[in-house]
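Enquirer: The following block contains the structure, expressed as structure tokens.
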Amino acid sequence: MFKNEMKLEFPSKSVNESFARVVVAAFASQLDPTLEELSDVKTAVSEAVTNAIIHGYEDAEGIVTLRCKIEDNKLTIEVEDNGKGIENVELARQPLYTSRPELERSGMGFTVMETFMDSVEVYSELGKGTKVIMTKTFKSA
Amino acid sequence: MQLKFSVEDGCLIVEMHGELDHHSAEGARIKIDNKIEELGINKLIFDFAGVNFMDSSGIGVIIGRYKKLKDYDGKVAVVNLKPQIKKIFELSGLFKILSEFESTKEALLNL
């Protein structure tokens, strides 16, 4: 089995959202993805990292950890924060739900991740943080 | 994100260039709202030709402007959506509240 992995840590600044998704796209490019697959992954990473910044750290500064793993043609992406955690993960995953309506958020972040990736798991503990694990198997590889 | 504003037939056209995410959304919404207020216009066309990335933060920007103009009996349209961005529009049900057109010209005829 072919294996590869990477880890990246960065402060929860919104300017790093584009940095994170470009890094994952560059790492995933070794799987020879289609443009559509690459866009799907970038969008899902952007949602998870944005959640960590806005909801995990509530715009205060913290560290976001991004880990990617390749096993043959399967990509696993982990986005972790040590922020406030999600009280009710099931509710947070509902389309249109947002805990911060004052921010003009659409509440579609998890729905986008679920649509664009093959699987999305969310592990969260109040006061400790949240980890989102997403996988996608590339058809073209 | 760079924005270019123009007005045609009483309609504000916003040409967007770059990536529309949480980071760029705040600046975009302020600039667009200021322009809407400055001109007192209630029709808006978002031109996505120069947008190469959008996530769900973009949905918030579009819905927010839609709500604002709705109070003034206004309308919002979008043109030149790339396939990936169209997927996000479809997923979020945005086409229930606004229309997509082939070109700015066609949008102007139908708004």
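Enquirer: Which residues, taken from the stretch A:119-135, are of a type in the set (Gly, Ala, Ser) and either touching a residue at least 24 places away in the same chain (Cβ under 8 Å) or open to solvent by less than 30 Å² (accessible area, probe 1.4 Å) (or both)?
Expert: The answer is A:Ser124, A:Gly127, A:Gly129.
Enquirer: Regarding B:Glu26, is this residue within 14 Å of chain A (Cβ to nearest Cβ) and open to solvent by 50 Å² or more (accessible area, probe 1.4 Å)?
Expert: Here the answer is yes, as B:Glu26 does meet what is asked.
Enquirer: Report whether or not A:Thr50 is within 13 Å of chain B (Cβ to nearest Cβ), over 18 Å from B:His23 (Cα atoms) and either touching a residue at least 12 places away in the same chain (Cβ under 8 Å) or surrounded by fewer than 19 Cβ atoms within 10 Å (Cβ to Cβ) (or both).
Expert: Here the answer is no, as A:Thr50 does not meet what is asked.
Enquirer: Against the definition (free of Cβ contacts under 8 Å to residues at least 12 places away in the same chain, closer than 21 Å to B:His23 by Cβ and within 14 Å of chain B (Cβ to nearest Cβ)), how does A:Phe19 come out, yes or no?
Expert: Against the criterion (free of Cβ contacts under 8 Å to residues at least 12 places away in the same chain, closer than 21 Å to B:His23 by Cβ and within 14 Å of chain B (Cβ to nearest Cβ)), A:Phe19 qualifies.
Enquirer: Just to be sure I understand, how many residues within the stretch B:8-17 are touching a helix residue (DSSP H, G or I) at 6+ places or on another chain (Cβ under 8 Å) and open to solvent by 20 Å² or more (accessible area, probe 1.4 Å)?
Expert: Filtering the stretch B:8-17 for residues touching a helix residue (DSSP H, G or I) at 6+ places or on another chain (Cβ under 8 Å) gives B:8-9, B:11-14, B:16.
From what is left, the residues that are open to solvent by 20 Å² or more (accessible area, probe 1.4 Å) are B:8-9.
Number satisfying all stated conditions: 2.
Enquirer: Here is a follow-up. Condition first: polar (S, T, N, Q) and open to solvent by less than 40 Å² (accessible area, probe 1.4 Å). Can you find one or more residues in the stretch B:29-49 that meet it? Even if it seems obvious, please write down each step before you answer.
Expert: Quick first cut of the stretch B:29-49, residues polar (S, T, N, Q) only: B:34, B:42.
From the residues that got through so far, the ones that are open to solvent by less than 40 Å² (accessible area, probe 1.4 Å) too are none.
No, the stretch B:29-49 has no match at all.
Enquirer: Among the residues of the stretch A:57-77, is there at least one that is more than 9 Å from every other protein chain (Cβ to nearest Cβ), more than 24 Å from A:Met108 (Cα to Cα) and free of Cβ contacts under 8 Å to residues at least 24 places away in the same chain?
Expert: No, the stretch A:57-77 contains no residue that is more than 9 Å from every other protein chain (Cβ to nearest Cβ), more than 24 Å from A:Met108 (Cα to Cα) and free of Cβ contacts under 8 Å to residues at least 24 places away in the same chain.
Enquirer: From the list A:Ser39, A:Ser29, pick out the single residue that is buried (at least 21 other Cβ atoms within 10 Å of the Cβ) and at pLDDT 95 or above.
Expert: Working: A:Ser29 fails: buried (at least 21 other Cβ atoms within 10 Å of the Cβ).
Criteria check complete, one pass: A:Ser39.
Enquirer: Could you list, in sequence order, the residues of the stretch B:89-100 that are open to solvent by less than 30 Å² (accessible area, probe 1.4 Å) and within 14 Å of the chain's Cα centre (by Cα)?
Expert: Across the stretch B:89-100, the qualifying residues are B:Phe89, B:Leu94, B:Leu98.
Enquirer: Checking the condition aromatic (Phe, Trp, Tyr), open to solvent by less than 50 Å² (accessible area, probe 1.4 Å) and away from every other protein chain (no Cβ under 14 Å), which residue from A:Phe116, A:Phe138, A:Phe110 passes?
Expert: Among A:Phe116, A:Phe138, A:Phe110, only A:Phe138 is aromatic (Phe, Trp, Tyr), open to solvent by less than 50 Å² (accessible area, probe 1.4 Å) and away from every other protein chain (no Cβ under 14 Å).
Enquirer: What residue, among those in the stretch B:52-65 that are surrounded by fewer than 23 Cβ atoms within 10 Å (Cβ to Cβ) and in a strand (DSSP E or B), is nearest to the other protein chains (Cβ to nearest Cβ)?
Expert: B:Phe53
Enquirer: In the set B:Glu38, B:Glu15, B:Glu8, which member is in contact (Cβ under 8 Å) with a residue 40 or more places away in the chain, farther than 25 Å from A:Ile53 by Cβ and more than 11 Å from chain A (Cβ to nearest Cβ)?
Expert: Just one listed residue meets the conditions, B:Glu8.
Enquirer: Could you pull out the residue among A:Glu125, A:Glu104, A:Glu90 that is farther than 23 Å from A:Leu8 by Cβ and more than 14 Å from chain B (Cβ to nearest Cβ)?
Expert: A:Glu90 is the lone residue from the list that is farther than 23 Å from A:Leu8 by Cβ and more than 14 Å from chain B (Cβ to nearest Cβ).
The values are calculated or read from the model by the stated rules, or taken from the named source; none is laboratory data. Note that the structure is predicted; figures quoted are calculated from it, not measured. As a convention, Cβ positions derive from the backbone with ideal geometry for all residues, glycine included, and neighbour counts pool all protein chains shown. Just the protein is used for accessible areas: all its heavy atoms, side chains included, with ligands, DNA and RNA removed. Shrake-Rupley method; radii C 1.70, N 1.55, O 1.52, S 1.80 Å.
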